Amino acid sequence: MKILIIDDDPTIAELLKQGLEARMFLVEIAPDGERGAFLGRTGNYDLIILDYNLPKMDGPKVLREIRLENRHIPVLMLTVRSELLSKQEMFDLGVDDYLTKPFLFEELLLRLNALLKRPEKTEGEILKIDNLTLNAKSKVVKRGGQEIYLTRREFALLEYLLRHSNQIVSRQQILEHVWDYNADPFSNSIEAHIASLRHKLNKNNNRNLIHNFTGRGYKMALNKLNS
């Protein structure tokens with residue numbers, strides 16, 4: 001899961017980033033409204049955490065710009081404002097939830113998890129193919145019952161491939177959904193992570209599940225020629 005934090009307070013933004021990354025989220029930070037609006041309109045995020053008061057462009061304007069692009073990304077607003085009018089204004093603009101500062105990280109996490117349980121992702125917390133299982137909630141990966149340690153990026157890459165099993169996904173799709181916005185499209189980082197994943201998943205004579213399609217991308221499947 002990829003989250004964009006739009007907040008000009010570096011202390012809050014960094015604390016949120018560290019807490020979310022510890023739970024296997026991929027996180028980017030935008031320090032002002034203009035940058036946040038640009039990333040929110042053009043990036044591929046699963047959720048946005050948006051502060052109300054921002055330099056260059058305030059939270060309501062950022063939200064309005066994102067919604068004008070028909071981007072229906074869940075947005076959680078953070079603010080020191082607790083007046084009912086402000087809340088009604090936010091919901092009218094299309095915010096999905098609203099949390100008043102100061103807040104407990106545990107409460108924010110509960111709200112994020114609730115927002116991320118969109119219909120297309122609620123078929124189950126367990127993703128499975130062959131004898132490989134990924135628990136999206138506990139962040140545990142097992143093959144043949146044995147737990148496999150993955151880095152945060154490897155876990156995100158594997159989850160993305162599993163959610164698109166039997167589909168060829170391009171390098172560009174992987175860059176947009178698993179890597180940071182500013183990732184170098186010409187680096188071999190994806191290939192290196194794919195190789196590392198294969199090495200970890202294919203131990204003990206397990207069959208290969210990640211297949212290359214030259215010039216097209218990768219597919220997670222039991223066999224390369226599956227549908």
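The values are calculated or read from the model by the stated rules, or taken from the named source; none is laboratory data. Keep in mind that what you see is a predicted model, and the values were worked out from it rather than measured. Cβ atoms come from the backbone with ideal geometry, glycine included; neighbour counts cover every protein chain shown.
Observations on the model:
- Pick from the range 6-29, criterion acidic (D, E) and in a helix (DSSP H, G or I), ranking: farthest from the chain's Cα centre (by Cα): E14
- Within the range 40-51, tally of residues that are surrounded by 21 or more Cβ atoms within 10 Å (Cβ to Cβ) and part of a helix (DSSP H, G or I): 1
- The helices (runs of 4 or more DSSP H) found wholly in the range 144-213 and carrying at least 3 residues that are over 20 Å from the mean Cα position of the chain (by Cα) occupy 189-201.
- Selection count where residues are under 21 Å from K2 (Cβ atoms) and at pLDDT 80 or above, scope the range 91-109: 7
- When the criteria are applied in full, L127 meets the requirement of being assigned to a strand (DSSP E or B) and not polar (S, T, N, Q).
- The numbered conditions (1) in a helix (DSSP H, G or I); (2) at pLDDT 90 or above; (3) surrounded by fewer than 19 Cβ atoms within 10 Å (Cβ to Cβ); (4) of a type outside the set (G, A, S) are all true for V62 except (3).
- When the range 131-157 is limited to residues that are within 19 Å of Y218 (Cα to Cα) and touching a Leu at 6+ places or on another chain (Cβ under 6 Å), the one that is surrounded by the most Cβ atoms within 10 Å (Cβ to Cβ) turns out to be L134.
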